[in-house]
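First comes the structure, then the notes that go with it.
The values are calculated or read from the model by the stated rules, or taken from the named source; none is laboratory data. Just so you know, these numbers come straight off a predicted model, no measurement behind them. Cβ placement follows ideal geometry from the backbone for every residue including glycine, while neighbour counts extend to all protein chains displayed. Ligands, DNA and RNA are excluded from the accessible area calculation, which covers all protein heavy atoms including side chains. Shrake-Rupley method; radii C 1.70, N 1.55, O 1.52, S 1.80 Å.
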Amino acid sequence: EIAATVEEYRRMKHKILTFDPNNIIKTILFCSSDKAEGNSTVVLHFGQILASEGYRVILVDGNLRRPVLHRLLRAERDYGLGDFHLRGKNLDVTELMKETPLDNLWVITSGFHPNPGTIFEEEAFESQLEKLKAQADWVLFDSPPLNSYDDAIALAGKVDGIVLVAQANKTRWEVVKAASDRLEKCGGRILGVVLNKRRFPIPGWMYRRI
């Protein structure tokens, strides 16, 4: 079962790499419509697979509302993304990178921010994102549920692509389609959909456009 799961993530990697041969996709936003669909777990596992293959990977916990990645990786939440430009201190975003137990894998935890919804709209954020891209082969963003907050909307047009995560036997296709439309309207490029939490433990990658 573990081998099959790993193979499924590698399959997803291959589809992303071949999605647009003319562009290099390095920054990816993982987003779900609702909470508890397994978005953070998919981000983490995909990052671990990539790192194990020798890619340099940065995981960014963009879920500043209910962050999870710091707990999954046993890292300190403090001094993370939410501290970017906090209290007027000009931080270089690469200074926020924390090592993890796995080689080639770093995490930028959520940190704390008094107004989380504004951080991705800051003028300097895009230039800082370019600095992250220079440090890694893949930069993977976790985000809060689209139906709860607009954070993913603010990020949609700034990343190279978006992967939607939907829970099997729960999330209706119409809900996924509505989420896709909202993200594309804001300049996002949908790479595909992960069908998570199926009865057998393999996250299905759905190739057709929605």
Original post:
Can you give the angle from 0 to 90° between the axis of helix 2-17 and the longest principal axis of the chain, with both taken from C-alpha atoms, to the nearest 10?
Top reply: 70 degrees
Subject >> Residue-level accessible surface for His113, protein heavy atoms, 1.4 Å, Å² >> reply: 40 Å²
Original post:
Which FRET efficiency value, to the nearest 0.05, is calculated for Gln135 and Arg74 with the Förster distance at 22 angstrom and r the Cβ-Cβ distance?
Top reply: 0.50
**OP:** Can you sort Trp173, Trp106, Trp138 by 1.4 Å-probe accessible area, starting with the largest?
**Re:** Trp173, Trp106, Trp138
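Per residue, how much accessible area does the chain show when a 1.4 Å probe rolls over the protein heavy atoms, in square angstrom?
Per residue, the chain has an accessible area of 49 Å².
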Original post:
So what is the relative contact order for the chain, in percent, with contacts set as C-alpha pairs under 8 Å and at least six apart?
Top reply: 29 percent
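Calculate what fraction, in whole %, of the accessible area of the chain sits on carbon and sulfur atoms when a 1.4 Å probe is rolled over the protein chains. Intermediate values should be presented prior to the final figure.
On the way: 4830 of 10200 Å².
Result for the chain: 47 percent of the exposed heavy-atom area is carbon or sulfur.
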Original post:
With a sphere of radius 11 Å drawn around the Cβ of Glu130, what net charge do the other residues whose Cβ falls strictly inside it have (Lys, Arg +1; Asp, Glu -1)?
Top reply: +3
Original post:
Using 7 Å Cα-to-Cβ label points, what is the Phe112/Glu53 separation (nm, one decimal)?
Top reply: 3.9 nm
Subject >> Top positive-direction residue, dipole computed over the chain with Cβ charges, set Pro116, Ile153, Ala36 >> reply: Ala36
Subject >> Quarter of the Cα convex hull surface for the stretch 127-174, i.e. its orientation-mean projected area (nm²) >> reply: 4.4 nm²
Subject >> Options [x] 31, 18, 15; [y] 25, 19, 17; [z] 28, 20, 16 - which one matches semi-axes √(5λ) of the Cα gyration tensor in Å as calculated here >> reply: [y]
Original post:
Over the stretch 7-113, what is the mean sequence separation of C-alpha contacts under 8 Å (at least six apart), divided by residue count, expressed as relative contact order in percent?
Top reply: 27 percent
Original post:
Would you list Lys15, Lys133 from the most to the least accessible area, probe 1.4 Å?
Top reply: Lys15, Lys133
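Which value at 222 nm does the chain reach when only helices count, each DSSP H run of 4 or more adding -39,500 (n - 2.57), with the total divided by all residues and rounded to the nearest 500 deg cm²/dmol?
Rounded to the nearest 500, it is -9000 deg cm²/dmol.
Under the 0.36 nm per residue contour assumption, what length would be gained going from the current alpha-carbon distance of Lys98 and Arg11 to full extension?
That works out to 28.5 nm of additional length.
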**OP:** Take the chain, connect every pair of alpha-carbon atoms lying under 10 Å apart with a spring to form a Gaussian network, then pick out the residue of Val57, Val163, Val175 with the largest mean-square fluctuation.
**Re:** Val175
